[in-house]
1. Identify, from the list E70, E111, the residue that is in a helix (DSSP H, G or I), out of contact with any helix residue (DSSP H, G or I) (no Cβ under 8 Å at 6 or more places or on another chain) and either among the acidic types (D, E) or more than 20 Å from A12 (Cβ to Cβ) (or both).
2. Kindly evaluate Y137 against the criterion of being of a type in the set (F, W, Y), part of a helix (DSSP H, G or I), touching a strand residue (DSSP E or B) at 6+ places or on another chain (Cβ under 9 Å) and touching a residue at least 12 places away in the same chain (Cβ under 8 Å).
3. Could you say which residue among Y142, Y161, Y137 is over 14 Å from the mean Cα position of the chain (by Cα), surrounded by 15 or more Cβ atoms within 10 Å (Cβ to Cβ) and either closer than 22 Å to Y23 by Cβ or modelled with pLDDT of 95 or more (or both)?
4. Here are some residues: V90, V76, V17. Which one is over 20 Å from L127 (Cα atoms) and part of a strand (DSSP E or B)?
5. Which residues, counting only those in the stretch 107-134, are surrounded by fewer than 19 Cβ atoms within 10 Å (Cβ to Cβ) and in contact (Cβ under 8 Å) with a residue 60 or more places away in the chain?
6. Which members of the stretch 2-18 meet the condition of being surrounded by fewer than 21 Cβ atoms within 10 Å (Cβ to Cβ), under 17 Å from K98 (Cα atoms) and in contact (Cβ under 8 Å) with a residue 60 or more places away in the chain?
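The values are calculated or read from the model by the stated rules, or taken from the named source; none is laboratory data. Computed from a prediction, not measured in an experiment: that's the story for all the values here. Ideal geometry is used to build each Cβ from the backbone, glycine not excepted, and the neighbour counts take in all protein chains shown.
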Amino acid sequence: MITIRHYRKADAPRVGVLIADTYSEFNLSYASPKKRAKLLGPFHYARSRQHAHRDAIAQALRAPVILVAEDDGEIVSVLRGGRKDKQRIVLQSLFVKKSYQRQGIGRKLVERFERGCLRRGATAIRLLATLYAIPFYAALGYKRSTGVRTGKSFQGTGFKYQPMRKMLREKESR
């Protein structure tokens with residue numbers, strides 16, 4: 001049974017491996033090993049037991065809101081997000097383990113995140129979708145806000161992404 005809960009510090013190693021695996025397979029498969037390592041940043045060392053690597057991963061995971069989905073104790077998905085300004089929120093990342101994709105887990109995490117944003121008075125959520133994730137976010141009502149862009153991911157460059165946003169409610173007129 002899938003349960004959604006807030007992230008705990010002790011989750012960092014398992015979340016790091018989940019991110020490294022899914023980010024590599026679905027978003028970085030085009031990159032050479034050297035370029036992939038740069039684009040992964042600290043997640044390149046997700047399986048390392050060195051304290052410096054684990055600390056770097058824990059630091060990279062920091063966000064105001066982190067939700068995880070578990071299946072019998074196994075973390076199978078993670079969502080990170082936070083406030084951009086008074087009304088707008090940024091959904092920073094969403095990763096779902098390959099064998100759990102297309103089962104509604106990502107949708108449930110995003111919907112729970114959106115409900116929390118609404119409770120806090122947010123009017124919009126912005127995100128930078130990977131090219132792989134554009135159809136997923138479009139199905140949830142997110143709209144492209146510009147064309148595809150190329151930017152950085154950790155120490156790597158040349159990463160393509162699509163800025164998107166979803167209006168949660170209209171701004172109140174004053």
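1. So the residue among E70, E111 that is in a helix (DSSP H, G or I), out of contact with any helix residue (DSSP H, G or I) (no Cβ under 8 Å at 6 or more places or on another chain) and either among the acidic types (D, E) or more than 20 Å from A12 (Cβ to Cβ) (or both) is E111.
2. yes
3. The match here is Y142.
4. After ruling out the rest, the residue left standing is V76.
5. K108, R112, L131, Y132, listed by residue number.
6. I2, R14
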